[in-house]
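Below you'll find the structure, written out as structure tokens, and then a few comments.
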Amino acid sequence: MEWDWHYTGDILPDLLDGLRVTVTATLLGYVIAVLLGLVWTLLRRTPSAVVNQTVRWVTEFVRSTPLLVQLFFLYYVLPTWGITLGPLTAGVIGLGLHYSTYTAEVYRGGIDDVPRGQWEAAVALNLPRSRTWLDVILPQAIRRVVPTLGNYLIAMFKDSPLLLGINVAELLNTAYTTGTHTLRFLEPITLVGVLFVLVSVVSSVLVRRLERRSHATD
């Protein structure tokens, strides 16, 4: 089968629409992941053993089960309990929840890397615990882990084709549907790979720049 450039031009707008959905789901899921991951980390540091162990069990369970299974649960199982989510909503929540368990570990590492002297200085200044976290510890910890968090954004983007399983009209789903209708898969699937590579490479360059900037300010 030879490459058909006319056909490629015809399907490219639809694929770009699919890419827009993919990027939207990734970015929204990433916002959930970075915020919820921080919540998990802070809850793990509470004095309550019950809260600590519950959060630990939840995050380990989510991290140990496949993302696709979690997506299926959100989209296909929850409606049996009266909770119905749209495909994109379920996809965003699934991506965010799954990756929040990984960003939680990133935050934990960043907090552990803050020099002990910073904690001692906050205690010496008699700062309330809330101000110690918000003004002293978290700004330093987050600055240290920004590059790693950026890597998870790229990983989430590359996992987004799993949203095809719950009928999200993302890039791969659009390509598959197009190929099914036209019985030509060479062009749409190849273009999916090219678009993923382009976005991933650009994102990787930006993450590397953030990493260099982060090291320069240490």
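Summary table below
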read-out	value
Residue check, residue 177 in a helix (DSSP H, G or I), at pLDDT below 90 and of a type in the set (S, T, N, Q)	no
Selection within segment 93-116 - touching a residue at least 12 places away in the same chain (Cβ under 8 Å) and over 20 Å from residue 60 (Cα atoms)	113, 114
Segments classed as helices (runs of 4 or more DSSP H), wholly inside segment 50-134, with at least 3 members that are over 18 Å from the mean Cα position of the chain (by Cα) and hydrophobic (A, V, I, L, M, F, W, C)	116-124
Scope segment 121-165; condition β-branched (Val, Ile, Thr) and more than 16 Å from residue 196 (Cβ to Cβ); matching residues	123, 132, 136, 137, 142, 145, 146, 148
Qualifying residue in segment 24-39 (condition: part of a helix (DSSP H, G or I), among the small types (Gly, Ala, Ser) and open to solvent by 60 Å² or more (accessible area, probe 1.4 Å))	no
Residues of segment 26-62 satisfying the condition of being of a type in the set (Gly, Ala, Ser) and without any contact (Cβ under 8 Å) to a residue 60 or more places away in the chain	48, 49
Residue count, segment 160-218 (criterion: out of contact with any helix residue (DSSP H, G or I) (no Cβ under 8 Å at 6 or more places or on another chain), of a type in the set (A, V, I, L, M, F, W, C) and surrounded by 14 or more Cβ atoms within 10 Å (Cβ to Cβ))	1
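Conditions tested, residue by residue: (1) aliphatic (A, V, I, L, M); (2) in contact with a Pro (Cβ under 7 Å, 6 or more places away or on another chain); (3) under 25 Å from residue 191 (Cα atoms).
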{"position": "21", "(1), (2), (3)": "yes, no, yes"}
{"position": "24", "(1), (2), (3)": "no, no, yes"}
{"position": "33", "(1), (2), (3)": "yes, no, no"}
{"position": "39", "(1), (2), (3)": "yes, no, no"}
{"position": "44", "(1), (2), (3)": "no, no, no"}
{"position": "69", "(1), (2), (3)": "yes, no, no"}
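Residues checked against (1) hydroxyl-bearing (Ser, Thr, Tyr); (2) in contact with a helix residue (DSSP H, G or I) (Cβ under 7 Å, 6 or more places away or on another chain); (3) under 24 Å from residue 208 (Cα atoms); (4) buried (at least 18 other Cβ atoms within 10 Å of the Cβ):
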{"position": "66", "(1), (2), (3), (4)": "no, no, no, no"}
{"position": "75", "(1), (2), (3), (4)": "yes, yes, no, yes"}
{"position": "79", "(1), (2), (3), (4)": "no, no, no, no"}
{"position": "90", "(1), (2), (3), (4)": "no, yes, no, yes"}
{"position": "94", "(1), (2), (3), (4)": "no, yes, no, yes"}
{"position": "110", "(1), (2), (3), (4)": "no, yes, yes, yes"}
{"position": "116", "(1), (2), (3), (4)": "no, no, no, no"}
{"position": "141", "(1), (2), (3), (4)": "no, yes, yes, yes"}
{"position": "152", "(1), (2), (3), (4)": "yes, yes, yes, yes"}
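The values are calculated or read from the model by the stated rules, or taken from the named source; none is laboratory data. For clarity, every value in this text was computed on a predicted model and none was experimentally measured. Note that each Cβ is placed from the backbone with ideal geometry, even for glycine, and that neighbours are counted across all protein chains shown. Side chains are part of the model used for accessible areas, which takes the heavy atoms of the whole protein and leaves out ligands, DNA and RNA. Shrake-Rupley method; radii C 1.70, N 1.55, O 1.52, S 1.80 Å.
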